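> Questions regarding the structure given below will be posed in turn.
The values are calculated or read from the model by the stated rules, or taken from the named source; none is laboratory data. Values in this document were obtained by computation on a predicted structure and should not be read as measured data. No Cβ is skipped: glycine too gets one built from the backbone with ideal geometry, and neighbour counts run over all protein chains shown. To get the accessible areas, we keep the full protein, side chains included, count just its heavy atoms, and leave off ligands, DNA and RNA. Shrake-Rupley method; radii C 1.70, N 1.55, O 1.52, S 1.80 Å.
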Amino acid sequence: AFQHFEDVWADRLFLLRQGSLKLADPRISIIALDDDTGKKYGFPLPRAVQARIIEKLKSYGVKTIVFDVMFFENREGDRELIRATRSFGKVIHLFALEVRQTSYGAIVDQTLPIAGLKEAAQYVGYPNIQNVIDGDGHIRRASLFDSSTHDPKTGYDLAPSVDIVAVASFLDKPLSEYLEAYGKPQPRLMLI
């Protein structure tokens, strides 16, 4: 009952502040693949084409690239994608977390990017929203780190979300700074 009340209250606060919210940062662009792109190159987009996109964005002076595509299976063009990621430097790729319940307790499995891509990426982050999606299907909170498993890049720090690694990369701050501030168990952050 209290969770529903908190959700309704968060929605009200958001609506009340709607007029005072800042516009999106003009330095941030979202590049989406449309039907015409799919018809021209096919779905999923070939890895060599993804690599050319990285190279083109680099030529435009883009600071950070965050992929919302999971590269978990080996495919043609992997070498080009890894090379372009390494060359660009500030590319973020995804990994996935899956929690399995066993008779011994919860086990967290990580699904990592293809061999070489994790190492080439500046960071890898998880996009999982299962911990923050509300019963009504809305997302009102953020979970910046997952304490149930480790960061695949370091092997020991808490697993970072794609949100926090994108911020760290874009603002040129070390992830350790955000880990220190937000990596301790704490209440969920509310997005208002």
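> Find the eigenvalues of the gyration tensor of the Cα atoms of the stretch 54-146, then list the square roots of 5 times those eigenvalues as equivalent ellipsoid semi-axes, largest first, in whole angstrom.
Equivalent ellipsoid of the stretch 54-146: 29, 18, 10 Å, largest first.
> Here's a follow-up. Rounded to the nearest 5, what % of DSSP beta bridges with both residues in the chain are antiparallel? Intermediate results must be reported in sequence, preceding the final value.
Details: 13 of 19 bridges.
Antiparallel: roughly 70 percent of the beta bridges in the chain.
> Follow-up. May I ask you to give the solvent-accessible area per residue for the stretch 51-145, in square angstrom, as obtained with a 1.4 angstrom probe?
In whole numbers, the stretch 51-145 has 55 Å² accessible per residue.
> At q = 0.18, 0.24 Å⁻¹, what log₁₀ I(q)/I(0) does the stretch 42-101 have when each alpha carbon counts as one equal point scatterer in the Debye sum?
At q = 0.18, 0.24 Å⁻¹ the computed log10 ratios are -0.63, -1.02.
> Quick one: which residues, 5 or more positions from PHE95 or on another chain, have an amide H under 5 Å from its amide H? H modelled 1.01 Å from N in the peptide plane, none for Pro or chain starts.
So PHE95 has HN proximity to GLY125, TYR126.
> For LYS90, go through the aspartates and glutamates and keep the ones whose alpha-carbon is under 15 Å away, minus same-chain ones fewer than eight residues off.
Here the aspartates and glutamates satisfying the reach criterion relative to LYS90 are GLU55, ASP68, GLU119, ASP163, ASP172.
> OK, next. Taking the square root of 5 times each eigenvalue of the Cα gyration tensor, what semi-axes in Å does the equivalent ellipsoid of the chain have, largest first? Can you show the working numbers first?
Details: eigenvalues 178, 101, 61 Å².
The equivalent ellipsoid of the chain has semi-axes of 30, 22, 18 Å.
> Enumerate the residues in the stretch 147-185 having an amide nitrogen under 11 Å from the point lying 7 Å beyond the Cα of ASP25 toward its Cβ.
Once the point is set 7 Å along Cα→Cβ of ASP25, 166-173 turn out to lie under 11 Å by backbone N, inside the stretch 147-185.
> Under a 5 Å amide H to amide H cut-off, with H placed in plane at 1.01 Å, what residues pair with PHE145 once short-range neighbours are removed?
SER161
> Roll a 1.4 angstrom probe over the protein heavy atoms and tell me the percent of accessible area of the stretch 34-73 that is carbon or sulfur.
So the carbon and sulfur contribution to the accessible surface is 54 percent.
> Students sometimes get this wrong: rank PHE14, PHE5 by accessible area, probe 1.4 Å, all chains present, largest first.
Values: PHE14 95, PHE5 135 Å².
Most to least solvent-accessible, the answer reads PHE5, PHE14.
> Cα-Cα over 23 Å: which of LYS63/LYS184; LYS63/LYS173; LYS40/LYS153; LYS153/LYS184?
Flagged as over cut-off: LYS63/LYS184; LYS40/LYS153.
> Return the sequence-ordered ³J(HN,Hα) values of the stretch 53-61 in whole Hz as given by the Karplus equation 6.51 cos²θ - 1.76 cosθ + 1.60 applied to θ = phi - 60°, using x for Gly and Pro.
4, 4, 4, 5, 4, 4, 5, 7, x
> For the stretch 97-177, divide the Cα radius of gyration by the Kirkwood radius and give the resulting Rg/Rh value with two decimals.
Value, to two decimals: 0.99.
> Explain nothing, just compute: Karplus ³J(HN,Hα) = 6.51 cos²θ - 1.76 cosθ + 1.60, θ = phi - 60°, for every residue of the stretch 148-156 in order, whole Hz, x for Gly and Pro.
With the stated coefficients, the stretch 148-156 comes to 7, 8, 10, 6, x, 6, 9, x, 9 Hz.
> How high is the FRET efficiency between VAL132 and ILE107 when r is their beta carbon distance and R₀ equals 22 Å, given to the nearest 0.05?
Here the calculated transfer efficiency is 0.55.
> Would you please give the residues with an amide H less than 5 Å from that of ASP157, counting only those at least 5 places away or on a separate chain, with H modeled from the backbone geometry?
ASP151
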